[in-house]
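The values are calculated or read from the model by the stated rules, or taken from the named source; none is laboratory data. These numbers come from a predicted model, not from an experiment. We place every Cβ from the backbone using ideal geometry, glycine too, and count neighbours over all the protein chains shown.
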Amino acid sequence: METHPNLPDTHNSKQKIHLFSIGIVSILILIFLVNFIYNLHSRQEEERSLIRREARALISYHLVAEELLSDRYGEPPVLKSGHRTQHLDIMTRMRESFRLFSETSDHTLRIIGPNARSPEHHPDRIETRLLEEMQRRPDQETCFFYDAENGRYYYLRRMNYIHSCRRCHTLHTVNPTPAGGPLDEFAGAISLQIPSTVLQRASWLDIIVLVLFTLLLAGFSIALVVFFLRRISTLSASLARSNDALEIRNRKLHQLEAFKIDLFQMLIHDMKAPLTFMIGSLQVMLEKKIGTLNGEQEKMVSLVLRGCYRLKEMVSNILDVNRLEEGKLEINVQVIPICDFLESQTAPWLQQAERQDKSFQLECHTLMGQTIHSDPDLLARILENLISNAVKHTSPRTGLIRLVARPAEDDGVLFEVIDNGEGIPAEFMDRLFEKYSVLKNQADHRPNSNTGLGLFFCKLAVETMGGRIWAESEPAEGTTFVFHLPACRYGTGDKSESTAGQDVN
């Protein structure tokens, strides 16, 4: 039975999601609480600002009304003694107006003073404290206070002796100095008391609505967050289970792939022995060491031998590609004289071209005696793959394959295999040297025997010997495969510089 190695991670993920959920809900609750407190404070400040404006307006209205009423009566006559009578002084009218206003409304409006003689003008406890504060600060014109214990707002407006007189004065001189203080001295204040009952009821109603709305919004938000987090948790658990299943399947696929590769390599490796025996036997027959062959028999044996060589080449490519990818292919570095080496290899390439009614040319433009340090067998295999590819993609009678070797700028050698075949489509150029990448034959009558390893092998082999390989082609104008090998450096090829090309074998 398969185990689930990711189950601890899944459990930890669930714990993290739960902690994240608690954190989100806590933050939401904190946000709503701060918002509620801020709104409550804002409403209280708005209420006090409204009361303050109302009190200022009421007192200003009464003062203006009394001034207008006083001006209407005009100036009283001056007596012989230097005094003038007051028909109805402004303070008396003001007190009467304040009394009537207080009796007909829930507001209390009166004149108070710290040394008032009449009990009706005596300040209460709150007003006494406010008067003392105004007396200490001559520049303070008004004072505002909320008595939370009794639920009343106090608004006091300063009064000086220049604007008032004592209750007992019915006559005053033209330039008097009233007893009790000089002109402009603090005399008291106009006090307006406003109950907060009505506003409190409205405020509490607003607060209840605000609380209900906040709770509703908070509950909806929290429910929405919890729903999405639970959904995420469910999807996360489902994804974890899917990942576990995929990991198990992936592990099985890796095991199956490793088994397939091992079996494939074993079969390919074991094919070399019977191939070698078949090739040896066919060569003995062609050499007529065990008897003569007629023309038809000799032709058939040659075809079979050519197919065996072809199969051996494929097997060698597969084995060498695996070794090159794993870095296990042993490289036998030798000093190779370029021209002599190419001329020694020309015979089989020329025969291969002639069998298909095509032409092969060798052009060695290197300086006489120039050498490189490389593996001769690996170099021969590279050239064999490229030339076979060129022969395959050229037409009989008109096909021409050229092998050109010339000096490179770094004292290395450039090898070019040039053909006049059908060329390579532009869309295939980027995939030319990829493993198992096969270009479909443009001539439908020609069978495709490619394995997709020929040019991939060439790329790995050239880079292993410190070089690089690329291709240049135009459709219907032929193809040129070019690879560069350094003269004396080995194993320093930059694989990132390899250019894509066509794969044939």
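A few comments on the model shown:
- Qualifying residue in the range 432-446 (condition: in contact with a Pro (Cβ under 6 Å, 6 or more places away or on another chain) and either modelled with pLDDT of 75 or more or not small (Gly, Ala, Ser) (or both)): no
- Residue match in the range 283-291 (condition: in contact (Cβ under 8 Å) with a residue 40 or more places away in the chain and surrounded by fewer than 17 Cβ atoms within 10 Å (Cβ to Cβ)): no
- Residue count, the range 336-383 (criterion: in a strand (DSSP E or B) and at positive phi): 0
- For the range 184-210, the set of residues classified as modelled with pLDDT under 75 and in a helix (DSSP H, G or I) consists of THR197, VAL198, LEU199, GLN200, ARG201, ALA202, SER203, TRP204, LEU205, ASP206, ILE207, LEU210, listed by residue number.
- Hits in the range 55-73 (condition: modelled with pLDDT of 80 or more and either in contact with a Phe, Trp or Tyr (Cβ under 9 Å, 6 or more places away or on another chain) or more than 19 Å from TYR155 (Cα to Cα) (or both)): ALA55, ARG56, LEU58, ILE59
- Within the span defined as the range 270-282, one or more residues are touching a helix residue (DSSP H, G or I) at 6+ places or on another chain (Cβ under 9 Å) and loosely packed, with under 15 Cβ neighbours inside 10 Å.
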